[in-house]
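One structure is given here, and the rest of the page talks about it.
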Amino acid sequence: MAHTELQDSGAKAKERLVLQGLETIAPLVRSVKETPEPIPTEVEGTIPSWIDGNLLRNGPGKFEFGNRHYNHWFDGMAMLHQFRIRDGGVTYMSRFLRSDVYKKNSEQDRIVISEFGTLALPDPCKNFFQRFLSRFEMIQPTDNASVNFVKYKGDYYVSTETNFMHRVDPENLESLEKVDWSKFIAVNGATAHPHYDPDGTSYNMGNSYGHKGALYNIIRVPPEKTEATETLHGAKVLCSIVPKDKSHPSYYHSFGAPASPVTSVSSTLAPPTGNISLLLPAMSENYVVFIEQPIKMDLLKIVTCKLRGKALSEGIYWDAGQDTVFHLVHKHTGEVSAVKYHTKACSTFHQINAFEEDGFLMIDLCCADDGEAINNYLIQNLRKSGDALDEVYNATGRAFPRRFVLPLHVTSEMATGQNLNTRASSQATCVKTGKDTVFCQHEDLHGDDLLEFGGLEFPQINYSRCNTKPYRYFYGCGFRHLVGDSLLKMDLKDKTFKVWYQKGFYPSEPVFVPAPDAEDEDDGVILSVVLTPSRDKGTFLLVLDGKTFQELGRANVPVNMPYGFHGIYEASL
């Protein structure tokens, strides 16, 4: 049974889907065993023979060591998955990332390193005085890279938001090399969602922390290697942005670690550590857009969390009294625009696309009217059932696709109080409110019918064709549960959508794979890993037709998997 409520939240009614009788999803967040050798799958229907490559997925796969359990979904040990697709068939394999954290925890059979929502307890083998002193030590940054697969200079890495990534072999998922961002540039980490130019140049975001507070940094990594052993060599900080409050910078899923002595970042103020994937900078053809949102990090609380016996996550809070601010940085010069684009307090975990047109920059993102959702994804909440599970879901804000229109040429001659958006095709407004300030109100990229599917998250586009360009389609998961329970194809032309839904099944982030010699934007397939908590070993790789959104085939995998975060598809060479 479901019904919709419109709750007043000030200037605009707040949309909220209220559900009862949700199915338990506890099996989707349980520890599983790895499958280190490829195993065959049973294919139903037809998987197009032109698909030849690997779908690589990342996410937590182990939630306890000994008698100690992780508290938050984002804390589980990274498990890497590979679906090898060739000649209409699929094989599957998985491995735990052999991070230092995983190895240390396994050796001692307890949680040794703190994660985002879990504080590691002192070594019980130490005496009382040693355990007391350990509370004054800095938290070690985790290298549990459980968020995404990314590429730099042609190499594959798994990443989180600390200063550590791991280079991995996509063919056998073996961990090859631990790489430290702070050995190359003065940042304390980077997001798990870089953007790429057509030539392979990568852009990312990373915080730095010093005795004067925090800075947001735009990072650029060149596409070419000069030596085969290179990793992040040649990376540069394109520019730095000063937070509105240096001691309370915005949370944008970039949790850094203490700076290496070889960098210029002071370690007087220790940065936060953690491993989640929530927000990334958007990128148009000429600009990087950083969104400073009212999810804030109290650096003093984070620095002292071990002393206070609290998890790092307790230093993150939502400040509804703050605006969300868009910062524009020119990709080629590093110049930060003096104009700041404000909107009402909102949170965004994933952006859809950004592009320039007619002197405006359009930025499309999945956006919620509060920033409390992150606190609800505790393991204990995800394992609830009955009324308790319903209560957690109904207290969690929903994200919806929205468009903001930012005028690129704001001059002193422009009058205040007038809408600068002259584009008849857009309902978004952007009003100059001061010399260098524009206040923006969004346009919804959906109709009211999306409300019944719980909004949309995990957005994807035809990236190789449409990134930084005008586009028509995007894909995502509907959220009538705490994890995605449907797949959606959104059409921006008329704000309609197509749905794949089967009761009791929970699909992952949809990945679009374009067909060879495709003429249309949606000519290709959607790949998604689908789990069911009510059936043992009921996992399958789903293949949908990109145009009709109808099922073409599925590959049944005879293992259990936990619900993961992100991944990529890479075609065979």
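Where the centre of each part is set by its Cα atoms, how far does segment 417-455 sit from segment 22-42, in angstrom?
A separation of 42 Å, based on Cα centres.
Please name which of Thr231, Trp318, His69 has its Cα lying farthest along the dipole of the chain towards the positive end, using unit charges on Cβ (Lys, Arg +1; Asp, Glu -1) and the Cα centre as origin.
His69
My understanding is that a pair violates if its Cα-Cα distance is over 30 Å; which of Lys331/Lys432; Lys246/Lys493; Lys244/Lys493; Lys310/Lys384 do that in this structure?
The answer is Lys246/Lys493; Lys244/Lys493.
Relative to a virtual label point 7 Å from the Cα of Asp494 in the Cα→beta-carbon direction, which members of segment 434-455 show backbone nitrogen distances below 16 Å?
446-450
What aspartates and glutamates does Lys178 reach when the alpha-carbon gap must be under 16 Å and sequence neighbours fewer than 8 apart in one chain are set aside?
Answer for Lys178, where 16 Å is the Cα cut-off: Asp100, Asp143, Asp155, Glu161, Asp169, Glu230, listed by chain and number.
When only C-alpha pairs under 8 Å and at least 6 residues apart count, what is the relative contact order of the chain, in percent?
Relative CO of the chain lands at 14 percent.
Of Tyr393, Thr348, Phe360, which is farthest on the positive side of the dipole of segment 346-415, counting Cα position, with +1 on Lys and Arg Cβ, -1 on Asp and Glu Cβ, and the Cα centre as origin?
Tyr393
Along the Cα-to-Cβ line of Asp197, 7 Å from the Cα, sits a label point; which residues in segment 339-355 have backbone N less than 18 Å from it?
Residues 354-355 fall inside that zone.
So what is the calculated 222 nm ellipticity per residue for the chain, using -39500 (n - 2.57) for each DSSP H run with n of 4 or more, over all residues, to the nearest 500 deg cm²/dmol?
So the helix-based figure for the chain works out to -1500 deg cm²/dmol.
Checking the cross-link filter: which lysines have an alpha carbon closer than 23 Å to that of Lys489, excluding same-chain neighbours under 8 positions apart?
Lys469, Lys498, Lys503, Lys547
With Cα Rg over 2.2 N^0.38 Å defined as stated, name the option among (1) 1.22; (2) 2.32; (3) 0.93 computed from the structure displayed.
So the calculated entry is the one marked (3).
I'd like the accessible area for Trp50, computed on protein heavy atoms only with a 1.4 Å probe and all protein chains in place. Round to 10 Å², please.
Near enough 90 Å² of accessible area.
For segment 61-76 and segment 331-382, compute the distance between their C-alpha centroids and round to whole Å.
If we compute the Cα centre of each part, the gap is 30 Å.
With the crude spin-label approximation of a point 7 Å out along Cα→Cβ, what separation in nm comes out for Arg167 versus Ser572?
2.5
How many percent of the accessible area of the chain is carbon or sulfur, using a 1.4 Å probe?
Here it works out to 50 percent.
About the Cα centre, and with charges only on the beta carbon of Lys, Arg (+1) and Asp, Glu (-1), how big is the dipole of the chain? Nearest 20 debye, please.
Here the chain has a charge dipole of around 1700 debye.
Using +1 at the Cβ of each Lys and Arg and -1 at the Cβ of each Asp and Glu in segment 35-571, identify which of Gly154, Val221, Leu456 lies farthest towards the dipole's positive end.
Positive-end residue among those listed: Val221.
Taking the Cα centre of segment 145-234 as the origin, how large is its charge dipole in debye, to the nearest 20, when only Lys and Arg (+1) and Asp and Glu (-1) carry charge on their Cβ atoms?
Dipole size: approximately 420 debye.
How much FRET efficiency would the formula 1/(1 + (r/R0)^6) give for Ser412 and Val18, where r is the Cβ-Cβ distance and R0 is 41 Å, rounded to 0.05?
0.25
Counting only heavy atoms of protein chains, what accessible area per residue, in Å², does the chain have with a probe of 1.4 Å?
39
Can you tell me which lysines have their Cα less than 21 Å from the Cα of Lys306? Leave out same-chain residues fewer than eight positions away.
Cα-Cα hits under 21 Å: Lys104, Lys126, Lys296.
The values are calculated or read from the model by the stated rules, or taken from the named source; none is laboratory data. Just so you know, these numbers come straight off a predicted model, no measurement behind them. Note that we place each Cβ from the backbone using ideal geometry, even for glycine, and neighbour counts take in every protein chain shown. These accessible areas exclude ligands, DNA and RNA; they are computed on the full protein's heavy atoms, side chains included. Shrake-Rupley method; radii C 1.70, N 1.55, O 1.52, S 1.80 Å.
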